[in-house]
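Let me begin by presenting the structure, written as structure tokens, before commenting on it.
What follows draws every value from the coordinates through simple rules; no lab data is involved. As the structure is a computational prediction, the values presented were derived from the model and not from experiment. So basically every Cβ, Gly included, is an ideal-geometry build from the backbone, and we count neighbours across all protein chains shown.
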Amino acid sequence: MNLDRRRLLSLLAGAAALKGAPRPLFAAPEPGLKEHAAARGMVFGTMVLHDQIAEPACREAVLREAGMIVPGNEMKWRPTTPQEGVNAFGPADSIVTFATENGLPLRGHTAVWHQNPPVWAMQRLSGEAGRKLILDHVRTVVGHFRGRVQQWDVVNEAINPRDGKNGLLRDWPPYNEGGYAFLADCYKAAHEADPNAKLYYNEYDLEYDGRDYELRREGVLRLISEMKERGAPLHGLGIQSHLTVGNDFSEGVFRRFLANVASFDLRIMLTEFDVSDRRIQGSAAYRDELVADAARAFLTVAFDQRAVDGLMTWGISDRDTWLTEARPRIDGGVQRALPLDVDYRRKPLWSVIAECFDKAPPRR
Ligand code: XIL
């Protein structure tokens with residue numbers, strides 16, 4: 001920039017300030033959530049879908065806020081293997097390209113999930129052959145992205161104590177028949193396919209008070225200790241963190257759980273954070289306030305634990321939250337669950353996330 005241009009810009013800035021303009025045109029952009037996180041040695045990221053980042057407004061918002069991304073569906077078994085022996089990695093690859101072009105680290109989600117085998121595989125998951133089918137899939141999908149995914153949710157949602165069939169594990173043939181030994185094999189297969197990726201176990205309903213949550217936390221701790229005993233390469237726990245306004249949250253209970261997980265020498269990520277306001281009626285401002293309060297209570301405790309490396313939201317704007325469809329409000333309206341509103345403007349939830357990062361003990 002030559003001197004005249006610089007002087008012109010500074011004059012313009014002065015004029016803008018005099019007029020009370022909100023911000024001179026060329027001022028450094030306000031920091032995004034990724035900067036608030038990075039200042040503490042932490043990470044903020046978001047889930048994206050390939051068609052969302054094809055839209056300029058969404059793409060821009062993601063690049064402004066997120067320091068890490070995770071594909072919401074594109075790496076799952078059903079979309080990546082529509083027919084036996086046929087791989088369809090195109091949509092997932094487009095997200096990986098987006099991440100690489102923008103220097104964003106990636107989470108891989110998810111290799112083993114009872115909800116998402118392709119239709120052709122669904123009746124073939126029993127016995128030795130079924131377990132081999134799954135392990136082959138783990139090798140294929142993790143291998144395909146080898147060197148490009150920093151953290152993998154290898155197994156998702158394997159605990160369901162209420163099923164009662166299988167100890168604490170979910171009632172699903174591969175778990176009923178293969179138990180923890182099979183889960184350990186999944187981690188070993190993933191590690192062979194990409195030795196540098198950090199391997200996570202990802203789970204929901206770990207956040208609140210009450211018997212079901214308590215049992216699931218117990219299940220997760222048992223799974224972690226089983227993996228450790230079997231020498232499985234498990235490096236971290238993903239706590240999905242789908243919150244709901246109105247649920248009972250006790251600081252002490254959650255704090256203790258995080259400390260227990262950390263005592264196994266595991267890293268922790270909050271992987272799918274959003275705050276459902278489905279039970280709340282009232283103005284948008286009122287709902288936003290309750291959503292922000294619920295987030296503050298939870299994130300304050302979570303970020304206080306130094307094993308927690310960061311937070312991923314399940315989408316960046318309310319326009320794209322899965323909750324509006326999956327957990328419909330009585331009034332049929334959009335859930336105000338994410339940091340940006342439907343027009344990509346920052347909401348009180350955004351400010352609370354920034355504030356919680358700002359107050360977190362520094363990681364390095
Ligand atoms: C959800 C996606 O957001 C939806 O688009 C899809 O229809 C179903 O899956 N826990 C998980 C995620 O681990 O993979 C789920 O994602 C949300 C709950």
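What residue, among those in region 269-306 that are within 16 Å of the ligand (Cβ to nearest atom) and out of contact with any His (no Cβ under 9 Å at 6 or more places or on another chain), is farthest from V48 (Cα to Cα)?
Of everything passing the filter in region 269-306, R278 is farthest from V48 (Cα to Cα).
Of the residues R124, R139, R162, which single one is without any contact (Cβ under 8 Å) to a residue 60 or more places away in the chain, under 15 Å from L199 (Cα atoms) and away from the ligand (no atom under 16 Å from the Cβ)?
When all the criteria are applied, what remains is R139.
Considering region 115-155 alone, what residues qualify as being part of a loop (DSSP other than H, G, I, E, B) and in contact with a helix residue (DSSP H, G or I) (Cβ under 6 Å, 6 or more places away or on another chain)? Explain how you work it out, then say what you get.
Residues of region 115-155 that are part of a loop (DSSP other than H, G, I, E, B), as a first pass: 115-118, 125-126, 145-150.
The answer is N116, P117, P118, L125, S126, R148.
When you go through G178, G210 one by one, which is the residue that is closer than 14 Å to E128 by Cα and small (G, A, S)?
Only one candidate passes the filter, namely G178.
Name the pairs whose Cβ atoms lie under 9 Å apart, with the first residue in region 28-50 and under 23 Å from R306 (Cβ atoms), the second part of a strand (DSSP E or B) and small (G, A, S), and 6 or more positions between them or separate chains?
What qualifies is L33/G45; K34/G45; A37/G45; A37/G310; M42/G310; V43/G310; F44/G310; G45/G310.
Looking at V142, V149, V154, which is the one that is touching a Cys at 6+ places or on another chain (Cβ under 8 Å) and under 19 Å from L237 (Cβ atoms)? Give the steps one after another, and end with the answer.
Working: V142 fails: touching a Cys at 6+ places or on another chain (Cβ under 8 Å); V149 fails: touching a Cys at 6+ places or on another chain (Cβ under 8 Å).
On inspection, the qualifying residue turns out to be V154.
Within region 29-86, track down each residue that is within 15 Å of the ligand (Cβ to nearest atom) and assigned to a loop (DSSP other than H, G, I, E, B).
L49, G72, N73, E74, M75, K76
Would you check if there is a residue in region 194-211 being in a helix (DSSP H, G or I) and within 23 Å of the chain's Cα centre (by Cα)?
No - not one qualifying residue is present in region 194-211.
Conditions first: (1) of a type in the set (A, V, I, L, M); (2) within 14 Å of the ligand (Cβ to nearest atom); (3) surrounded by fewer than 19 Cβ atoms within 10 Å (Cβ to Cβ). A129 passes all but one, so which condition is the exception?
Among (1) of a type in the set (A, V, I, L, M); (2) within 14 Å of the ligand (Cβ to nearest atom); (3) surrounded by fewer than 19 Cβ atoms within 10 Å (Cβ to Cβ), the lone unmet condition for A129 is (2).
Tell me whether region 192-200 contains one or more residues that are over 18 Å from D248 (Cβ atoms) and within 16 Å of the ligand (Cβ to nearest atom).
Within region 192-200, one or more residues are over 18 Å from D248 (Cβ atoms) and within 16 Å of the ligand (Cβ to nearest atom).
Sort out which residues of region 87-115 are surrounded by 17 or more Cβ atoms within 10 Å (Cβ to Cβ) and under 16 Å from A158 (Cβ atoms), and write them in order of number.
Selection gives H109, T110, A111, V112, W113, H114.
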